[in-house]
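The values are calculated or read from the model by the stated rules, or taken from the named source; none is laboratory data. Worth saying up front: this structure is predicted, and the values here are computed from it rather than measured. Don't worry about glycine lacking a Cβ; one is built from the backbone with ideal geometry, like all the others, and counts go over all protein chains shown. In case anyone asks, the SASA skips ligands and DNA or RNA and just uses the protein heavy atoms, side chains included. Shrake-Rupley method; radii C 1.70, N 1.55, O 1.52, S 1.80 Å.
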Amino acid sequence: MNSIHRFTVRVYGLLVNNNNEILLSKEKIGAFHFTKFPGGGLEFGEGIKDCLVREFKEEMNIDIVVEDHFYTTDFFQKSAFRESDQLLAIYYKVTSLDQLSAIRLDEFDIENNGRIEQQQFVWVPIHQLTTEIVTFPIDKLVVNMLIATYN
């Protein structure tokens, strides 16, 4: 663990629509494809709920209400993107103040620190949700918790 030099805090929203589908984000950075829950990195001087509201507005152009805390990482997890970072992920249930049909579902490009990345949002029926659908270990644990909650 001596190679870990800092923390990365990520905040994710669990958005379920009226059809009992959960929103996921399919992304591509370089050659790396992954699927995760919507959300992103906490910025200095920002509260965790404010981070989640900002991320949903930036990525989907929708306003959300952050509701119940769902899970915070309670084990050591190294970042998949930076070997020297320990990842802390926080998940909240969220609802939208906007029409969910406004969420862009086609693939689109985003600019992140000067590089172009691809992103696409998809709705997945909760009864079809499996750990194989998401990429990262913490998300897999959250999927199992969601399955237990909704079934």
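Some values worked out for this structure:
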quantity: Wholly within the range 6-80, strands (runs of 3 or more DSSP E) carrying at least 3 residues that are closer than 15 Å to W123 by Cα; calculated: 6-15, 21-29
quantity: Selected residue [more than 27 Å from I147 (Cα to Cα) and open to solvent by less than 80 Å² (accessible area, probe 1.4 Å)] from I62, I90, I29, I48; calculated: I29
quantity: Output for the range 123-151, where each listed residue is among the β-branched types (V, I, T), within 21 Å of N19 (Cβ to Cβ) and surrounded by 15 or more Cβ atoms within 10 Å (Cβ to Cβ); calculated: V124, I126, I133, V134, V142, V143
quantity: Residue check, V53 open to solvent by 20 Å² or more (accessible area, probe 1.4 Å) and at pLDDT 95 or above; calculated: yes
quantity: Filtered residues of the range 96-109 (kept if open to solvent by 50 Å² or more (accessible area, probe 1.4 Å), touching a residue at least 12 places away in the same chain (Cβ under 8 Å) and not basic (K, R)); calculated: L97, D98, A102, L105, D106, E107
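Residue by residue, here is whether (1) at pLDDT 95 or above; (2) closer than 21 Å to T73 by Cβ; (3) out of contact with any Ser or Thr (no Cβ under 6 Å at 6 or more places or on another chain) holds:
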residue	(1), (2), (3)
S101	no, no, yes
F108	no, no, yes
E117	no, no, yes
H127	no, no, yes
E132	yes, yes, yes
F136	no, yes, yes
V143	yes, yes, no
